[in-house]
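See below for the structure under consideration.
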Amino acid sequence: MNSLHDDRPGSSRSDDSRTTENADIWSSMLSSVASSKRLPQKSIVVLGGTSECQKEFVESLNLGRKKGDKKPPIANAFALGYTYLDVLDADHEDVLARLGLYLVSEPEPAFMPILKPLFTAETIPNTLICILLDWKKPWDWMRQLRTWVRLLGTLFRSLDDDAKRALEDVTQALQSRRGTYADAGGGGTEVTLPLGRGEFDEPIGLPLCVICQNADRIEVLERERGWKDGQFDFVLQFLRTVLLKHGASLIYTIPSVLSPLSALLFSSLNIPSPLRHHTIKHNIIDRDKILIPGPGWDSWGKIRVLGEAFDVEGICNGWSVDISPGFAAVHDDVDGGAVEIYEDVIKDALRDGDSLAAALKPRGIEVEPVDTQEFLAEQMEQLEAKREDGGRDRGGAGAGDGGTDARGHGRSVSKGLAEGAVREHVGPVQFNVGGIQMDADDMVKNIKAREASRAAGASGGDFAAPTSPAEETLEAFFSSLMRRDVAGTKKASS
């Protein structure tokens, strides 16, 4: 009895341990299932561009939607805009990731307090920076890039220690992904390649992609501003040299034209591409479809292929001067920087004070387009004014018939002149009488001549033949017919 009594506590302890083990197994299984169903959250911070350019960028991602899902709104009218997108698989059934887009148009230091919460130790590994440039003003590109890079540097230096460590981890991951390749002949071993000159020596801490929108404007620059291939090559070499220092990617896009933009961004965020068997291929041949796929592809040697005279090393050193932390404000200019060199070569030919602008402006080469709604509103005002003027003219004519309008005589004179102009423009008034075309003007002239001859004969003799009432009726008929026809023609022409 004692032995049985002694065994019971031990058996209860063993049951409790087995229950705890089962509970741990179930909790681990449930947590693994929950984590597998949890959507990856990725973020893209879009800097620069107008509100329309930002909307065009979001639409160009071409992610598609599930059946019945509404298009998410894009709220970017104020300082910080936001929208979201779901990255779907090729069949548009399963969601691969949830993409949050934060949109900022102006590089103002006052916006840093609203940007800072976007960069935490948890969000930094899943964040991508995109800078929008516009081919409508390529002469401002380097100044815009310098301002954004300075602003990001100031912002990242103000983060807490955990966020700074996350930035360093992301930078190391980008460098290792850039320089590590599998050795095909060495049994699958990985080979780490050293960084090239001017490569990744100014990392910002996050993957960066620069999108040059409206590349169809390249033809406009060539046709209306006289740009040559050398200028387009200079712009591309300058961009590649600067972005090589940050390990950034570069792409030119055209509105409503498919491009590998979404695949490029997905690869930077480690999101599996929804397109099957889709690979990102560089393009430096088509000048309106340029694609530099980011870290590990470009180099000084490839940049010099476009032109040996381009000073890659000088531009690289000048850009380091431009973005050095010693500036007083993000918009300040510095001596000896790369922006100064860029703007000496790529100028706005129509800028006020330019000698070429004085030669081009009288010829009217460039015309600023008017907004459609403004144009229609202006046309509406003109139509309303004409309608009111027409109503006043009709009212004045009615008053003039009664003799109460002092301007009635002037209106009658102008009306007579207008009718004469209409008659001269339209030509003689003709009508059909019994299948015969009659000229009303000639008919009235003949009747008046006949009456004049009869009046002259009556005054010379003792007997005066009275005017026939039928002839008077005929003359009145032809006169009223001419007035009615001219008035109808005038209305139709107005």
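Consider a paramagnetic label point 7 Å from the Cα of residue 157 along Cα→Cβ; state which residues of region 229-273 have an amide N under 18 Å from it. 246, by backbone N distance to the label point. Note on surface exposure: 245, 42, 289, 70 rank 70, 289, 42, 245 by accessible area, highest first, 1.4 Å probe. Net charge around residue 211, counting only other residues with Cβ within less than 11 Å of its Cβ (Lys, Arg = +1; Asp, Glu = -1)? Local charge sum for residue 211: -2. Simple spin-label estimate for residue 108 and residue 93 gives 4.9 nm between the two label positions (7 Å along the Cα-to-Cβ direction from each Cα).
The share of accessible area on region 45-174 that comes from carbon and sulfur is 51 percent, using a 1.4 angstrom probe. Enter the Cα centre distance for the pair region 79-147 and region 194-219, rounded to the nearest angstrom. Cα centroid to Cα centroid, the span is 15 Å.
Using a cut-off of 12 Å between beta-carbons, work out the net charge of the residues near residue 317 (Lys and Arg +1, Asp and Glu -1, residue 317 not included).
Working: positive: 197, 245; negative: 201, 202, 311, 313, 322.
Here the count lands on -3.
Measuring with a 1.4 angstrom probe and ignoring ligands and nucleic acids, residue 331 comes out at about 90 Å² accessible. A 1.4 Å probe over all protein chains sorts 93, 451 by accessible area into 93, 451, starting with the largest. Taking all protein chains together and a 1.4 Å probe, the residues 324, 249 rank 324, 249 from largest to smallest accessible area. Is region 189-273 rounded, prolate or oblate when judged by the Cα gyration tensor, a ≥ b ≥ c being the square roots of its eigenvalues, rounded requiring a/c under 1.5 and prolate requiring a/b larger than b/c? It comes out oblate by the Cα gyration axes. Ligands, DNA and RNA excluded, the heavy atoms of residue 304 present near 80 Å² of accessible surface to a 1.4 Å solvent probe.
The values are calculated or read from the model by the stated rules, or taken from the named source; none is laboratory data. This is a predicted model, so every value here is computed, not measured. Counting neighbours? That spans all protein chains shown, and the Cβs are built from the backbone with ideal geometry, glycine included. To get the accessible areas, we keep the full protein, side chains included, count just its heavy atoms, and leave off ligands, DNA and RNA. Shrake-Rupley method; radii C 1.70, N 1.55, O 1.52, S 1.80 Å.
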